[in-house]
Amino acid sequence: EGPFVYLSLVGSVAESDSIIASLWKEYGIADARWLHSDPTVVSLEILTVVLDSLLALILIYAILREKHYRHFIQITLCVCELYGGWMTFCPEWLTGSPSLNTSNWLYLWVYLVFFNGVWVVIPGLLLVQSWVELKTMHHEGSDRKKVQ
């Protein structure tokens, strides 16, 4: 999403001739907001590029080094992703989805549902993983207190 943010801040995806813009132009057929620098989408993507990228790097470090704060960061990152997806699509749904092209099977089910669904399913699964891990740690801590 970094290139999208850059293209949106210096113009728009629709105006750009760069190779990377062609990817966003293709997705823009399904969701026109990505072609014309929709302020809501751009502002959410700025937050995603800055905050979520930083959180992802911290999370990688925490996983590799088995840090105690791993699940806190993982939960925070997952909630950020889910909130970003909600704020990207909910206003569009509330206004009748004027920017979404749902008339074509490919655009609706592959571009909009599948590709955006990945950003719901993976954070959802990671939230469940953190829940189970925190529950296990809590029970292990409770068991140690009972033994003492």
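Every number in this text was worked out from the coordinates using simple rules, so none of it is lab data. Here the structure is a predicted model, which is why all the values come from computation and not from measurement. Here the Cβ positions follow ideal geometry from the backbone for every residue, glycine too, while neighbour counts run over all protein chains shown.
Legend: ranking of residues H71, H36, H139 from fewest to most surrounding C-beta atoms inside 10 Å; resulting order H139, H36, H71.
In the chain, helical runs assigned H by DSSP with n ≥ 4 each contribute -39500 (n - 2.57); averaged across all residues and rounded to the nearest 500, the mean residue ellipticity at 222 nm is -22500 deg cm²/dmol.
Shown in residue order for the stretch 104-111 are the 3J(HN,Hα) couplings computed by the Karplus curve 6.51 cos²θ - 1.76 cosθ + 1.60 at θ = phi - 60°: 10, 4, 4, 5, 5, 7, 8, 5 Hz (x for Gly and Pro). Rounded to the nearest 20 debye, the dipole magnitude of the chain is 780 debye, with +1 charges on Lys and Arg beta carbons, -1 on Asp and Glu beta carbons, and the Cα centre as origin.
Taking amide H atoms as placed 1.01 Å from N in the peptide plane, the amide H of D31 lies under 5 Å from those of N101, each 5 or more residues away in sequence or on another chain.
Counting beta carbons within 10 Å around each of K135, K25 and listing the fewest first gives the order K135, K25. Once the C-beta distance of A56 and S103 is scaled by a Förster radius of 30 Å, the resulting FRET efficiency is 0.30 to the nearest 0.05. Helices of the chain meeting both criteria, an alpha-carbon length of 27 angstrom or more along the long axis and an average Kyte-Doolittle score not below 0.5, with helices taken as full DSSP H segments, are 70-94. Placing +1 on the Cβ of every Lys and Arg and -1 on the Cβ of every Asp and Glu, with nothing else charged, gives the stretch 84-148 a dipole about its Cα centre of roughly 300 debye. Projecting the Cα atoms of Y61, H138, V49 onto the charge dipole of the stretch 2-147 (Cβ charges, centred on the Cα centre) puts H138 farthest toward the positive pole. For the chain, the direction-averaged projected area of the alpha-carbon convex hull comes to 11.0 nm².
Note on L82 and K135: the extension gain reaches 16.9 nm, defined as 0.36 nm multiplied by sequence separation minus the Cα-Cα distance.
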